[in-house]
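Peer 1: One structure coming up, written as structure tokens, with questions to follow.
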Amino acid sequence: MNKPGYHIEDGRVHYRDPGFPLKHLQASRMDAELQARMRERVSIAKQHGDVVCPDCGNGSAVCWFYFVSPPWTWEHLCGRAGIVAYCDLHECEIAFLQDYMN
């Protein structure tokens, strides 16, 4: 689903951060070993407040998982790791709680 990179609210333009590339998010999300290792960390993060999709206001469509950027990002000193809240309904990253960066 293609979304514009901005929305207008109160007469002002608000730009949307597109987040991480979908293929990188999916790689981490499908990494069973990574998700098992970080399950407790993700569980703790989920308890710190309700997160809903800004497009639909739906919290039940939000999936939480641990994300680690690809190896080349770490080699080029732009790696990131942390917890992602992602709306499966609208296919968009809602939040990123960063644990590590280089």
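Peer 1: Can you run down the residue pairs with Cβ atoms below 8 Å, 6 or more apart or on separate chains, where the first is in segment 57-84 and over 14 Å from residue 95 (Cα atoms) and among the aliphatic types (A, V, I, L, M) and the partner is modelled with pLDDT of 95 or more and in a helix (DSSP H, G or I)?
Peer 2: Taking only residues 6 or more apart or on different chains, the pairs are 68/28; 68/34.
Peer 1: Anything in segment 52-102 that is aromatic (Phe, Trp, Tyr), under 18 Å from residue 35 (Cβ atoms) and out of contact with any Cys (no Cβ under 6 Å at 6 or more places or on another chain)? List them, or say none. Before you say what the answer is, go through the steps one by one.
Peer 2: Filtering segment 52-102 down to residues aromatic (Phe, Trp, Tyr) leaves 64-67, 72, 74, 86, 96, 100.
Next, from what is left, pick out any that are under 18 Å from residue 35 (Cβ atoms): 64-67, 86, 96, 100.
Scanning segment 52-102 gives 64, 65, 66, 67, 96, 100.
Matching residues to (1) under 19 Å from residue 24 (Cβ atoms); (2) modelled with pLDDT under 90:
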{"position": "50", "(1), (2)": "no, yes"}
{"position": "56", "(1), (2)": "no, yes"}
{"position": "59", "(1), (2)": "no, yes"}
{"position": "63", "(1), (2)": "yes, no"}
{"position": "75", "(1), (2)": "yes, no"}
{"position": "82", "(1), (2)": "yes, no"}
{"position": "96", "(1), (2)": "yes, yes"}
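Peer 1: Could you please tell me which pairs satisfy a Cβ distance under 6 Å, a separation of 6+ or placement on different chains, a first residue in segment 30-47 that is under 15 Å from residue 82 (Cβ atoms) and touching a residue at least 24 places away in the same chain (Cβ under 8 Å), and a second residue that is surrounded by 12 or more Cβ atoms within 10 Å (Cβ to Cβ) and aliphatic (A, V, I, L, M)?
Peer 2: Partner pairs satisfying both residue conditions: 42/83; 45/83; 45/97.
Peer 1: Something else now. Within segment 12-102, which helices (runs of 4 or more DSSP H) (wholly inside it) include 3 or more residues that are hydrophobic (A, V, I, L, M, F, W, C)? Reasoning before the result, please.
Peer 2: Working: elements: 22-29, 32-37, 39-46, 71-75.
Qualifying helices (runs of 4 or more DSSP H): 22-29, 32-37, 39-46.
The values are calculated or read from the model by the stated rules, or taken from the named source; none is laboratory data. None of these values were measured; they are calculated from a predicted model. We place every Cβ from the backbone using ideal geometry, glycine too, and count neighbours over all the protein chains shown.
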